[in-house]
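Step one of this worksheet: look at the structure below.
The numbers here are math on the coordinates, done by the rules we state, and not lab data. Because the structure is a prediction, the values reported are computed rather than measured. Cβ atoms come from the backbone with ideal geometry, glycine included; neighbour counts cover every protein chain shown.
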Amino acid sequence: MYIERLKSKIHCVRVTDANLNYIGSITIDEDLMDAANIIEGEKVQIVDNNNGERFETYVIKGERGSGCICLNGAAARKVQVDDIVIIIAYGLMDFEEAKTFKPSVIFPKHPNNTL
């Protein structure tokens, strides 16, 4: 049996931009991606602490060291700049592996989303 389990989490980062005119996705600073073990194109869940929105999209790389957290396309309508969001990625794994798997969880510093 396989189960879906927390794989990666970027806890409480500040939205730096919302670009309605982009095709879609979330742009994340590559340093944050590396630290949380998230890759480009990976599906993530976004949870907005300010308004309660929960939605899914995929990741694109943002400029390393920029602190960029930008919601693009339709997702831009679900957040406001300066909202605090949690970015979550789940992995599908064998039940036994899931019992001992250690997720990558990071807690960036505000207001610049730095490690």
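Can you tell me how much longer the chain between residue 17 and residue 5 gets when fully stretched, taken as 0.36 nm per residue apart minus their C-alpha distance, in nm with one decimal?
The span from residue 17 to residue 5 would gain 1.4 nm if fully extended.
Quick check on the chain: helices-only [θ] at 222 nm, where DSSP H runs of length 4 and up contribute -39,500 (n - 2.57) each and the sum goes over total residues. Nearest 500, please. Show your work: numbers first, answer last.
Working: 2 runs with 13 residues, N = 115.
It lands at -2500 deg cm²/dmol.
Within a 10 angstrom radius of the beta carbon, how do 27, 100 rank from fewest other beta carbons to most?
Ordered from fewest to most neighbouring Cβ atoms within 10 Å, 27, 100 come out as 100, 27.
For every other residue with a beta carbon closer than 13 angstrom to the beta carbon of residue 68, add +1 if it is Lys or Arg and -1 if Asp or Glu, then tell me the sum.
-2
Quick one: compute the contact order of the chain, relative version, from alpha carbon pairs under 8 angstrom and 6+ residues apart, as a percent.
Working: 286 pairs, mean separation 52.7, N = 115.
In percent, rounded to a whole number, it is 46.
Using +1 on the beta carbon of Lys and Arg, -1 on that of Asp and Glu, and nothing else charged, what's the dipole of region 2-106 about the Cα centre, debye to 20?
Charge dipole of region 2-106: 200 debye, to the nearest 20.
What net charge is computed for the residues neighbouring residue 86, neighbours being all others with C-beta under 10 Å from the C-beta of residue 86, Lys and Arg scored +1, Asp and Glu -1? Mind showing how you got there, number by number?
Numbers: positive: 9, 54; negative: 48.
In short, +1.
Which one, 46, 86, 38, has the greatest fluctuation when you compute a Gaussian network model over the chain with C-alpha springs under 10 angstrom?
86
Would you kindly derive the ³J(HN,Hα) couplings of region 34-42 from the backbone phi angles with the Karplus curve 6.51 cos²θ - 1.76 cosθ + 1.60 (θ = phi - 60°), listing them in order in whole Hz, with x for Gly and Pro?
In residue order, the calculated couplings are 4, 5, 9, 6, 10, 10, 4, x, 5 Hz.
Return the sequence-ordered ³J(HN,Hα) values of region 10-27 in whole Hz as given by the Karplus equation 6.51 cos²θ - 1.76 cosθ + 1.60 applied to θ = phi - 60°, using x for Gly and Pro.
Using θ = phi - 60°, the values come out as 10, 8, 6, 10, 8, 5, 9, 7, 9, 10, 4, 8, 8, 4, x, 3, 10, 8 Hz.
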